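See below for the structure under consideration.
The values are calculated or read from the model by the stated rules, or taken from the named source; none is laboratory data. As the structure is a computational prediction, the values presented were derived from the model and not from experiment. Please note: Cβ atoms are built from the backbone with ideal geometry, for glycine as well, and neighbour counts cover all protein chains shown.
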């Protein structure tokens, strides 16, 4: 890893010198702090430019260093490439004098590396234990798809509490509203369930991306581990893809109805895709509930070049007739408008509990029919709305078995398993 990163950095420096650029190439992240997990072949190399320079020249060098690459975009473009088996991100940034004068969020990262590297010596194994523990219980990763703990957050927890075991002891009793401040510099108000003040930028909460559920999932697992330690917490059995027979067995046992909306995933990074998928999920749930159907659970997924919303229905078919309740009878003007809106009811109007009621025919009696007719009219997010309107599939029940993608089948297996460490 050091050989590969050193070679890339040398190449960057040579290209910068040829072009007369003031550029500083830096290895950042866990690889620079000796806290990377075995098997995680990720290298983050930053191309630092003076704060008054144009990052375009650094981006051009990144393209030359890794000719076989793809360009991605966070706050600004960067290069993602695969070099000798390593995933490498080449990220232009500004070299600002301190974290209070950032020009973009990535400018903060070199300060993180410097802060942790000076303090983590002797605690690296505790960080590795904590990261692997978090990974094993599925709370590791601050990307919005996961909503868990970042590597930097794990390192700060070890620095704050002093060891892997003491982190777990403290976390065992966590509840929403925990506040940790290594340097005593925090002044900003934060509303997230866990607040860890960034020691290099006290305005920022390092745990801002951590969801309440992932925080408490970690807390519960910490309590369980301390009560009964096991390697299974660190290395659980991998989830096997759900077979057709297993899918049929789940459907027969649960007696619910699965509905899957599947469509071409827009060409955006996961941190853009997943918030929009969650927004679309909420819109679909609200639509179904508005029409009287009842949901058990739902989830979202991406696999291959597809994205999907999975809905499990508790009540998915309704009677043809439904009751509409009007205003109090004495509100004459409102009453007139209500009756005009239902000119040909199946029954009524009649008075019950002081209100006029009518019984009308439902437009949709089956959840899948409602979804098929109305999904194109929902607010699904900027990129997803156009993707869904361009074409989508709706699978009902065992029709899901027609999707053979292994990642999708693992997603289904995880959905049905739905098991966290709670004790």
Exercise. Considering the stretch 152-175 alone, what residues qualify as being in contact with a strand residue (DSSP E or B) (Cβ under 8 Å, 6 or more places away or on another chain) and surrounded by fewer than 21 Cβ atoms within 10 Å (Cβ to Cβ)?
Worked result: 160, 174
For this session: Evaluate the following for residue 248: is it outside the structural domain of residue 148 (by TED's automatic domain parsing), crowded, with 17+ Cβ neighbours inside 10 Å, over 25 Å from residue 364 (Cα atoms) and touching a helix residue (DSSP H, G or I) at 6+ places or on another chain (Cβ under 7 Å)?
Result: no
Seminar exercise, completed: Given (1) in a strand (DSSP E or B); (2) more than 30 Å from residue 372 (Cα to Cα); (3) touching a residue at least 60 places away in the same chain (Cβ under 8 Å), residue 263 misses just (2)
For this session: Specify the residue that is nearest to residue 142 (Cα to Cα); the eligible residues are those in the stretch 198-222 that are touching a helix residue (DSSP H, G or I) at 6+ places or on another chain (Cβ under 8 Å) and in a helix (DSSP H, G or I).
Result: 218
Problem set entry | Failed item in (1) crowded, with 18+ Cβ neighbours inside 10 Å; (2) in contact with a strand residue (DSSP E or B) (Cβ under 6 Å, 6 or more places away or on another chain); (3) assigned to a loop (DSSP other than H, G, I, E, B), with residue 35 passing the rest | (2)
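Table: residues versus (1) closer than 22 Å to residue 258 by Cα; (2) part of a loop (DSSP other than H, G, I, E, B); (3) outside the structural domain of residue 280 (by TED's automatic domain parsing).
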position: 333; (1), (2), (3): no, no, yes
position: 337; (1), (2), (3): no, no, yes
position: 350; (1), (2), (3): no, no, yes
position: 371; (1), (2), (3): yes, no, no
position: 386; (1), (2), (3): no, no, no
position: 389; (1), (2), (3): yes, no, no
Exercise. Restricting the search to the stretch 176-197, which residues are without any contact (Cβ under 8 Å) to a residue 40 or more places away in the chain and buried (at least 22 other Cβ atoms within 10 Å of the Cβ)?
Worked result: 194, 197
Exercise. Just for the stretch 55-85: of the residues that are more than 24 Å from residue 267 (Cβ to Cβ) and at pLDDT below 90, which one is surrounded by the fewest Cβ atoms within 10 Å (Cβ to Cβ)?
Worked result: 85
